[in-house]
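Below is one structure; the comments refer to it alone.
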Amino acid sequence: MAGAGAGAAGFPRPLQVQAIQSLAEEGFWDALRRLKLDVLGTDDSPVSVTGYYTPRRYRSSASFFNLRPGSLASPSHNSIGDRNNCPVPGTLINTNNMRGFQNLDRQFLLKAEAKKILHDIISGNVEEDPALLLRFLVISFSDLKNWRVYYNVAFPSLVFKSRMTLLSLQRASKALSKEEAASLYTSLQEWRACSETTVVPFFLVSISSDSSASIRQLKDWKACQGNSEKLLFGFYDHGCRSDCPGWALRNYIAFLSIRWKIEKVQFFCYREQRGQPDLEESLIGEASFPPPSGWDDPDHLPEAIGWEGVMPGKITKEMKPKEINLQSMNPASQDEEKQLMHLKLMGWRHFPVNIDKLSRIRVLLLGAGPLGCEVARLLMTWGVRKLTVVDNGYVSTSDLVKQSLYIDTDCGVPRATAIVPHLKARCPAVEVEGIKMEIPMPWHPVSLSKTASVLDDCKQLQTLVASSDAVFLLTETWESRWLPTLLCANENKIAITALLGYDNYLVMRHGAGPGTRSGAMDEVIGRIENLSTEDVLGRQRLGCCFCNDTASSINSMPNGTLDQQAATLPGLTSLASGKAVELFARMLHHPDEIHAPGDTAGMDTEHQLGLLPHQLRGSLPNCVLLTELGNSSSNCTACSNAVLSEYRRRGLDFVMQAMNHPTYLKDLTGLSDLQNSDVSPKMPASIPVNSDKLSDIRCLLLGAGTLGCDVARILMDYGVRKLTVVDSGHVVVSNLARQSLYTSDDRGAPKATAILRHLVERCPSVDAQGIQMEIPMPGHPVSPSEADGVLQDCERLKELVASHDAIFLLTDTRESRWLPTLLCTNENKIAITAALGYDSYLVMRHGAGPAISCEASNVVAVMDKFSTKDANGRQRLGCYFCNDVVAPVDSVSNRTLDQQCTVTRPGLASIASGRAADLFTRILHHPDGIHALGEIAGTPGEHGLGILPHQIRGSLSQYNLLTLLGHSSSNCTACSNAVLSEYRRRGMDFVMQVINEPTYLEDLTGLTDLMKSAADSQVEWVGESDEDDFIEI
């Protein structure tokens, strides 16, 4: 081997190395995004990851350290590699939010990874797996909502207290004789051709006295001693510079020094050119290094360098993250993933939704009216992607504010036709078919000329039910549900009924069809004549919607007045639709599905989605929700064994007889022998609605998201015609199925602008304004450069509250409700809050502002002499913040994605919206308005509209509905006299101080002293509602 000793130009000198650069493919970050969303959830524990290292392959550029889609697979799947992919173990730390990413102690993490390398050296693990010397670290934040990833990569390198010295360095072709070079070339080809050795990045080169070269693994080092062989310590060098080796040499030297106590080595930097050894560019050099001390201490935490892009000695806090945008990857499938994200986020803390099952299930909707529109939209929000909609009606002008999907251009179009593009506009992935047909009904005799057509409709309905997995009965007449109920019982299909009264509703799931009693002579005969009273699981069958009928099906159309045929309170549709879809989703996730027994409120359940009731009956005026259980009746005109046996025996002849002979079903089921009573549903007398008052009132909606869209639409249905909507956000794909008014045409548009068009499409006479603005919030300090803009927003919000009669607080965060609450109390305005948790909701009206004490004689005294009562001398009701024991703070930055986003059960927003709009109209029609007392369910209401509660809290998992009453707190951070006095004294200076100083409100209201006193007394405070329970939309 030709020599090149010390003393050559530039030597000795400090050892410098060429840093490694990472190349993370988009597919790797997409795989991380999926792993986070589908598997990791809120778990931010370190994850094992595999990188791929390779020697330099082209003379003009260094090789990258690669991260590929398969890098996140388990190590056993990554351990094979190939000649251009040497697998290297690494650690990935993916934080739950940007603040967590920014707050990572990067230097500590780097040292922790370096300690792993040190341990592998000392323990001898490196000799078995040399790639451990190349351990790497990735820190990242995967912004799932915006499809961006922020990250940094480190290649930890142990730092010697004294310098490593480079004694010589030259090209391998010059350092070796021709014979040595030729032999080494051949050996390298063999090493790289072998699948076992090609992935080993550190090795020994032994050159004998006869110039023959051989390559050995590190574990063979002892065998190479004492043979008078020349040893080169070889490694795959990623670099391309001729004046310095690659980064891997640093930890290689540390290994040689610590493990083998070597102080001077000759090293070989192996590089390739197009897959072949390149000895012209490979380097051979010599380096010396003093042995480190104290590194064998198991508690020693070595110094380390290695953050990509950071020069040694620089502060890691100055390190800027890299950013990658994944929005360009598979835009079509990306849209669908965005729409389903809220379902996947449900699995992070609550319940893993079976998205595959939901996407495959085929759902038949009978009815495309108010219930049909809302149920179809909510089913898509739950991930249902196969819908068939049947309806015989046409869109009319009166439908537009009642039915959430139709717009003015649909008037005169069949509803079954019109509904299809509206569903596709909200969810392009949905497969939806609209079928215009009339559902044949009993007690509606058929003329001879129409018999063939009616039979065709019967056959088509038979086919539709048989080919569907679940059927929703959402038609507008009672008797139109008879034939679908019969067919579902016969086919053992899931059937959900939603039925509306004027101010009450029924939602129920039908029981399974009957099993066959044992001992049947023949299977076909047994299915007709040997039906059991139990289902196939041996359980008593649950009833259908006709099981409590004692009058058989009746013709509900000719004898009913117009208000009896169609009149319901506007918010009722949203409540019933939400309950129906949630009942369906709950049943689908029950292991027994249609055969599941019926639960009632108060029962214990271990299922994460809560109870699975049979029937739900609700009343708006009484604020009552009942869970009822009823078994299949032997006299039922739709699902009894007598009816099913006759249908199976005679088929559609039986159906036609039921239509043409009013008493036939009674006689068949034995109802004729029972005492008849008038069971035609009695509609309560309608409460006179003050339409002039509703049309003149000015409503301000803060928030145009899921709640904002629904509340705005329901208010228009009530007759409200003056709306102002405030929101700072833009419409994104994930909004489309959940937020009822937006379509794919609105993507990227400000919500405050987009919502206006949809409101006018449904009600041309509405006077609507949209304002795009941020609501200033406490706990979100502003910089001096931002202060003027925030102050302008405060003043603008103050003007908006003052110029409106009622304000709905429907914003995304808790703290964004603080300033509107303060302003409403100060101006004595009606304020309604609706807030959602995962499976629970809160709807409440804020109390009136305080009266002025009679002792106040001037302006200054007014600010200091607020009464604890309102202007009517009544104890003030509390606001949204009255139960808080801490001031509102930033609730977003330090939260996980499922806490930042709207992770709620899809039907919840419809239920809460209906309650909020209904509560508002009750206040408006109460003679005392905002000063009305809070009433509790079970007590007689003072007025015809029923009770007027202060707070309504509902739970989908337990099917609880509570009406609560709470008075204004003297320590409230939003409506207490202390806060109002300070606001009236200092105005917006006070508001800006609240925004910038997190503890100011607590000090002002006495909460600081209260909490200190509680701590001294060892009192554990338990708030009435945990902040995590109500994540607002």
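Residue by residue through region 954-970, which ³J(HN,Hα) values in whole Hz follow from phi under the Karplus form 6.51 cos²θ - 1.76 cosθ + 1.60 (θ = phi - 60°), with glycine and proline marked x?
Here the 3J(HN,Hα) series is x, 10, 7, 6, 9, 6, 9, 9, 10, 10, 10, 10, x, 8, 4, 8, 5 Hz.
Consider the candidate values (1) 228; (2) 261; (3) 240; state which one is volume of the Cα convex hull per residue in Å³ computed from the structure displayed.
Structure-derived value, by its label: (1).
At what distance in angstrom do the alpha carbon centres of region 176-223 and region 311-374 lie from each other?
Spelled out, the Cα-based centre of one part sits 51 Å from the other.
At 1.4 Å probe size, with the rest of the protein present, what percent of the exposed accessible area of the chain is carbon and sulfur atoms?
49 percent
Ranked by accessible surface with a 1.4 Å probe, highest first, in what order do CYS879, CYS411 come?
CYS411, CYS879
Per residue of the chain, what 222 nm ellipticity follows from adding -39500 (n - 2.57) for every DSSP H run with n ≥ 4, rounded to the nearest 500?
After summing the helix terms and dividing by residue count, I get -9500 deg cm²/dmol.
If you plug each phi of region 153-166 into the Karplus form 6.51 cos²θ - 1.76 cosθ + 1.60 with θ = phi - 60°, what whole-Hz ³J(HN,Hα) values come out, in order, with x for Gly and Pro?
Residue by residue, region 153-166 yields 10, 10, 10, x, 10, 5, 10, 7, 5, 9, 6, 7, 10, 8 Hz.
Could you order TYR664, TYR505 by accessible surface area, starting with the largest, using a probe radius of 1.4 Å?
Putting TYR664, TYR505 in descending order of accessible area: TYR664, TYR505.
What share of the DSSP beta bridges in region 85-161 is antiparallel, in percent to the nearest 5?
If we restrict to bridges inside region 85-161, about 55 percent are antiparallel.
Sequence-distant or interchain residues sharing an amide H contact under 5 Å with GLY234, placed H: which?
PHE203, LEU204, VAL205, PHE268
Of the beta bridges DSSP finds with both residues in region 757-854, what % are antiparallel, to the nearest 5?
Roughly 55 percent of the DSSP beta bridges within region 757-854 come out antiparallel.
Which whole-Hz couplings ³J(HN,Hα) result when phi for each residue of region 730-736 is put into the Karplus expression 6.51 cos²θ - 1.76 cosθ + 1.60, θ = phi - 60°, listed in order with x for Gly and Pro?
Once θ is set to phi - 60°, the couplings for region 730-736 become 10, 6, 10, 4, 5, 6, 4 Hz.
Sort ARG539, ARG481, ARG362, ARG250 from largest to smallest accessible area, using a 1.4 Å probe on the heavy atoms of the protein chains.
Ranked list, largest accessible area first: ARG362, ARG539, ARG250, ARG481.
Just to confirm the number: angle between the C-alpha axis of helix 784-802 and the first principal axis of the chain, 0 to 90 degrees, nearest 10?
10 degrees
In whole angstrom, how long is each semi-axis of the equivalent ellipsoid of region 410-495, when you take the square root of 5 times every eigenvalue of its Cα gyration tensor and sort them from largest down?
Gyration-tensor ellipsoid for region 410-495: 25, 18, 12 Å.
Considering only protein heavy atoms, what is the solvent-accessible area of THR627 at a probe of 1.4 Å, reported in Å² to the nearest 10?
30 Å²
In the chain, what % of DSSP beta bridges are antiparallel (nearest 5)?
60 percent
Per residue, how large is the accessible surface of the chain? Use a 1.4 angstrom probe and give square angstrom.
I get 39 Å² per residue for the chain.
List every residue whose amide H lies under 5 Å from the amide H of HIS950, counting only residues 5 or more places away in sequence or on a different chain, with H placed 1.01 Å from N in the peptide plane.
When sequence neighbours closer than 5 places are left aside, the close amide H contacts are GLU935, LEU964.
Cross-link partners among lysines for LYS450, C-alpha distance below 21 Å, same-chain residues fewer than 8 apart left out?
Hits, sequence-local ones excluded: LYS436, LYS459.
For the pairs LYS115/LYS161; LYS115/LYS322; LYS693/LYS751; LYS161/LYS264; LYS174/LYS230, note any where the Cα-Cα span goes beyond 22 Å.
LYS115/LYS322; LYS693/LYS751
Let me check against my output: what whole-number percent is the relative contact order of region 174-225, with C-alpha pairs under 8 Å and at least 6 apart?
Across region 174-225, relative contact order equals 35 percent.
For a quick check: with amide H placed at 1.01 Å from N, whose amide H comes under 5 Å from LYS386's, ignoring anything fewer than 5 positions away on the same chain?
Close amide H contacts, sequence-distant or interchain: VAL363, GLU431.
The values are calculated or read from the model by the stated rules, or taken from the named source; none is laboratory data. This structure is a prediction, so every number in the text was calculated from the model and none was measured. Note: accessible area is taken over every heavy atom of the protein model, side chains too, but ligands, DNA and RNA are not part of it. Shrake-Rupley method; radii C 1.70, N 1.55, O 1.52, S 1.80 Å.
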